[in-house]
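In what follows, a single structure is set out as structure tokens and then discussed.
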Amino acid sequence: MTNTIVVGCQFGDEGKGKVVDLLAPSYDAIVRYNGGNNAGHTIYRNGEKHIFHLIPSGVFHSNTVNVLGNGVVIDPLVFEEEIRALQKMGASLEGRLFVSDRAHVITPQHVEKDIKRAKGRLGTTGRGIGPTYAAKIARSEDAIRVADLFDSILKDPVLAHFCDVVRPFATDTSHLLNQMHADEKSLLFEGAQGTFLDVDHGTYPYVTSSNAVAGGACTGAGIGPTLIQRVLGVVKAYTTRVGKGPFATEFGGEQAAAYCDDYSHTAGYEQEHFEPAERLLRSQDQFLFGIGLRKKGDEYGATTKRPRRTGWLDLVMLRYACAVNGLTDLAITKLDVLGNIPKLQVCNVYELKNCSISLRFPAHHAALSALQPVYSTFPGWEGDISTARHYNDLPLEARTYLEAIEDSVKVPISIVSVGPRPEQTIIKRKI
Ligand code: IMP
């Protein structure tokens, strides 16, 4: 019996959905502890792509219980939509899906506030996440918990509808999880977003409003830290970011950030206006190279469809993520996307304005924007590695790249993902 937290080590979109889906059959409960429908978890099932924003990725595994913990903010309309979609697909949710009665509810007013006040300034998803957490912490009048919806004097028709939607699933999920643990069941906690979007540890203020880091699982699910045995950090073989905020290793720097801020630059637009990815990836122009990597890796936001900003892997960030999450294992995703690129780079340290070197991730976003990444260069590999199923099937150059990551962060790699489908996975070390 092992209880595990899966957490993103970058800016979200690391491929946590696939990893959770892979691990789910070995666990009895899959638990979300932070965020809301700002997340987008992509899962392939029978060759079809499914994106969930709120309901945990374990829902396809009929032996699992799926929980939205007290730290999650819930938009009942999105919850209703996802339940309908799942029922259409034949998933049985009876006794398998639970919502904490202590979770806060996103109302249309919270969404409106988010769109008016933060979407443009911070690049939020506009789903009402920030205003809902703000109301929770301020204990203001527009803070509504799931349990408040059961108040019999509720007159508001919107809240009455919310009540109808969530009531069948609402319970004391902390009690449920502690009871499951006492019954020797295994729990898997699924973090949304990533370490650098965490409200305390991320690139503040360009962050989300919850604790995405592993510690958030305790407060956001109502369990104690002594229940956890493993913390698996998911990291993409390169870096992406949606929305605004500093990104030291970004290809094309400010030009790319401004370009990605424009919602019209969708996958369709890039398909039409740019050369094929493989050709762009041979370009000396960093901006074009970044578009090539986005096209090849299909890096378009699962929630907002925005083009994701792209850059090299940043080991300063990863070492920070290992520390604040207390990682025991790493899962490296999308390694296949780096194939057929002659030279790969990885940022090892930062050079600061005064030419001193920093191994640490600075707190202030202005300091982050001013520093220069210092890179190590690795030879790339030729060919398609998406058919590799064992570590030794990987070309030497790919293994060298992975081992350099392990050497730098001192956390072992347990999983290597070489494609979106469940079978495109190498288990290097049993989780
Ligand atoms: P919010 O979470 O909607 O308040 O947005 C705050 C920041 O987090 C924005 O830059 C969003 O693009 C980013 N963000 C929120 N959720 C995700 C996610 O699941 N993946 C990637 N970025 C996200």
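Coordinate-derived values only; no laboratory data. Because the structure is predicted, anything quoted here is derived from the model rather than measured. Backbone-built Cβ (ideal geometry, glycine too); neighbour counts: all protein chains shown.
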Going from the alpha-carbon gyration tensor of the chain, what semi-axes, largest first and in whole Å, does one get by taking the root of 5 times each eigenvalue? 35, 24, 21
In sequence order, what are the phi-derived ³J(HN,Hα) couplings for segment 326-342 according to the Karplus relation 6.51 cos²θ - 1.76 cosθ + 1.60 with θ = phi - 60°, rounded to whole Hz, with x for glycine and proline? x, 5, 9, 8, 10, 10, 9, 10, 6, 4, 4, 5, 7, x, 6, 10, x
Going residue by residue through segment 215-228, the Karplus relation 6.51 cos²θ - 1.76 cosθ + 1.60 with θ = phi - 60° gives ³J(HN,Hα) values, rounded to whole Hz and with x marking Gly or Pro, of x, x, 5, 6, 6, x, 10, x, 10, x, x, 5, 7, 8
Quick one: helix 315-325 against the long Cα principal axis of the chain, what's the angle to the nearest 10°, folded into 0 to 90? 30
Across segment 291-349, what fraction of all alpha-carbon pairs, as a whole percent, falls in each successive 5 Å bin from zero upward? 4, 14, 20, 22, 20, 16, 4
Can you give me the orientation-averaged projected area of the convex hull built on the Cα atoms of segment 343-396, in nm²? 5.6
Radius of gyration and Dmax over the Cα atoms of segment 127-277, both given in Å: 20.5, 61
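Quick check on segment 109-157: what does the Kirkwood estimate of hydrodynamic radius come out to from the alpha carbon pairs, in Å?
Value: 11.8 Å, from the Cα pair sum.
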Quick one: divide the alpha-carbon radius of gyration of segment 199-243 by 2.2 N^0.38 Å and tell me what you get. 1.38
Amide H neighbours of N66 under 5 Å, counting only residues 5+ apart in sequence or on other chains, H built in-plane at 1.01 Å? I30, L97, F98
For segment 387-415 versus segment 79-151, the gap between their alpha-carbon centres in whole angstrom: 39
Please go through the residue pairs K88/K119; K136/K334; K236/K410; K244/K295; K49/K136 and name each one whose alpha carbons sit more than 28 Å apart in this structure. K88/K119; K136/K334; K49/K136
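With viscosity set to 1.002 mPa s and temperature to 20 °C, compute the Stokes-Einstein D of segment 250-311, Rh being the Kirkwood radius across alpha carbon pairs; µm²/s, no decimals. Working shown, then result.
On the way: Rh = 11.2 Å.
So the translational diffusion coefficient is about 191 µm²/s.
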When 1/r is averaged over all different Cα pairs and the result inverted, which Kirkwood radius in Å belongs to segment 309-431? 15.6
Where does helix 129-138 land angle-wise versus the long Cα axis of the chain, in degrees 0 to 90, nearest 10? 60
Could you work out the per residue convex hull volume over the alpha carbons of segment 1-105, in cubic angstrom? 106
Using only Cα atoms, tell me the angle between helix 108-117 and the longest principal axis of the chain; keep it within 0 to 90° and round to the nearest 10. 30
Any chance you could get the radius of gyration and Dmax over the Cα atoms of segment 75-160, in Å? 14.7, 41
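Between the DSSP loop rule and a limit of at most 12 other Cβ atoms within 10 Å, which GluC sites (Glu not before Pro) in segment 100-194 are left?
Values: sites: E112, E141, E184, E190; in loops: E141, E184.
Passing both the DSSP loop test and the Cβ count: E141, E184.
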Projected-area mean, segment 44-197, by convex hull of Cα positions, square nanometres: 11.0
Can you run phi through the Karplus equation (6.51, -1.76, 1.60; θ = phi - 60°) for segment 422-431 and list ³J(HN,Hα) in whole Hz, with x for Gly and Pro? x, 6, 7, 9, 10, 9, 8, 8, 5, 8
